Amino acid sequence: MVKRKKAIPAKARHPTEGNENNKKIIIVNSGYSEGGASRTRSTLRGYNPLKSSTKADVDVNLATLRNRSADLVCNSPLGSSAINTSRSNVIGAGLKVSPKIDYRLLGLTAEEAKEWQRQAFREFNLWANSTACDLYRKNNFFDMQDIAYMSYLVDGDGWAAIKYRRPVPDNPYCLRVQLFEASRVCNPNSSGSYGSPSYYDVEMTNNKNGNRIINGIEIDSDGAVVAYWVANRVPFDLSDPAAVLKWQRVEAFGKLSGRPNILQISHEERPEQYRGVPILAPVIEVLKQVSRYTNAELTAAIIKSFYTLFFTTNNNIDDMNDVLSSTYGQAEAVTPEDLAHVEVGPGTLNLLPPGVDVKSMDASRTMSTFEPFTNMMISQIGAAIGTPAEVLLSRFQSSYSAARGALLQAASNFKTRRTWFARDFCQPVYEAWLAEAVAIGRISAPGYGSDPIITKAWSNADWFGPVMGMLDPVKEVTGAALRVKYGFSTGERESAELTGTDYDSNIDQIAIEQQTWRAKGLEPPKADNTGGNGGDNDGKILAGEE
């Protein structure tokens, strides 16, 4: 008998096993490999960017970005508009403080809290409205906000130092704020802000403690900021190249108070990023090209405005005397050099001899594509920096809804940047001022400094900036009234955001004015009941039907 072989069960195969071509196709077609990650498509074959560390991507290029950003702000109308539009809408005349203490936690009544907040507001403005708050004695606190925000936009980060000096006769406070250039925060012995940076310009080691110093910011082994290195002047200062550069190490936080000694106004976009990037960084190339295109069109328009004539003749050039003889007289000898000074006057007639002709230079140039092309580029620039083109150009030519939509979109961006700025600059300065005010007895705050949560409860504050423009005041005020009526907002907030005024002050002034009307035997005007008939039409108003 033939012995039967034992059947061996077949092994399970991987779907791609045994066919290398199929395996390759599956790998190539997975995920983005046939899309944005394709290395075979002609449009992407040579497109191989590299995302590296923030030091390689940001810090190495920061000096170049700052220089180009500053140049565009100075020499490009569109670049200047991008910065000034944000500055005027975010900061305006300066952010105003509105103390908002947690009176329930502090055991105060609402009336006691309101009185304390009024006192704190008055005391802070005593310090903030004086140039004594500035170490240089040039600007008050609100003007300093404008300068700091400008530096934040152009350089990527703004810098301020908290210092104390003896009080002056008209201001009892010692607190001083010193603004300084972002380029002064750099590694010791760095080459400055010109040319290609060396490795030591970006990162070096503090030999005394082993900490790393990245672009002027010293960090410990955890990556936490512990100190800043500040130069005594701007590196590579062409106005004073012989001055000796010195660096000072400044502790980031006070050892006893824990409050910051140096304020960095910046908004980082990546982890492990220690320096900010200019707001114009993503659009520098486009801005420069649009600026060049605009200058080229401007030059072409100037050339087009010239009126140039050419005298052509088949005769000898000396016969050109005959061409202009009737105008300039027989006694004058006209040479080819004289033709450069010939002017065409109104109503002038010239008798040309046979063989002489006059031709004008055609300087026509079409600009049919200039405006739509630049408008498209400006729209892209505005989208990149968060400012719609209509707001960037201060030109509203569309419908009310479209214009309001552009304003609301811009206002959202401006409010976000205002929040960042208040958090990085205004609030820390306010807290430093409040600590001194409590210490010298000008403000009473029981428990301040004894417990962090109590200190925070006394330090809470809101910051209000310039109001957003109103295209239709009736609709804006109606919406504000409805928000207050249904509890979506408060009179104080709406007053600050609509008109930039204080609600309590408005009520007090209205009471005085109404009393004046009655004293004159007149009935004071009454505010309309929003919604009409006790609110029966509120739904129509909200729906835009009335």
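Each reported figure results from applying straightforward, stated rules to the coordinates on display, with no laboratory input. If you're wondering where the values come from, they're calculated on a predicted model, not measured in any experiment. Note: ideal-geometry Cβ built from the backbone for every residue, glycine included; neighbour counts use all protein chains shown.
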Revision key, fill the gap. Cβ density ranking, 10 Å radius, fewest first, applied to Asp155, Asp451 yields Asp451, Asp155
Review point. Could the peptides 478-487, 199-208 be put in order, highest first, of the mean number of other beta-carbon atoms found within 10 Å of their residues?
Key: 478-487, 199-208
**Study point:** Inverse mean reciprocal Cα-Cα distance (Kirkwood Rh) of the stretch 427-478, Å
**Key:** 13.6 Å
Review point. Rg (Å, one decimal) plus Dmax (Å, integer) for the alpha carbons of the stretch 184-284?
Key: 14.5, 44
**Study point:** 26 Å Cα-Cα threshold exceeded, pairs from Lys246/Lys456; Lys475/Lys526; Lys208/Lys246; Lys114/Lys163; Lys96/Lys288
**Key:** Lys246/Lys456; Lys114/Lys163; Lys96/Lys288
**Study point:** Extent along principal axes [Cα atoms of the stretch 63-143; Å; largest to smallest]
**Key:** 55, 27, 22
Check your understanding: Which value in nm describes the separation of the simple spin-label points at Tyr47 and Thr294, placed 7 Å from the Cα toward the beta carbon?
Key -> 2.9 nm
Check your understanding: At what distance in nm do the modelled label points of Glu523 and Asp462 sit from each other, each positioned 7 Å from its Cα along Cα→Cβ?
Key -> 3.5 nm
Point to revise | Kirkwood hydrodynamic radius of the stretch 55-280, from inverse mean 1/r over distinct Cα pairs, in Å | key: 19.6 Å
Practice item. Can you tell me the order of 265-276, 439-450 when each peptide is scored by its average per-residue count of other Cβ atoms within 10 angstrom, highest first? Key: 265-276, 439-450
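When N counts the residues of the stretch 368-414, how does its alpha-carbon radius of gyration compare numerically with 2.2 N^0.38 Å, as a ratio? Before the final figure, lay out each step's value.
Numbers: Rg = 10.8 Å, N = 47, 2.2 N^0.38 = 9.5 Å.
That ratio works out to 1.14.
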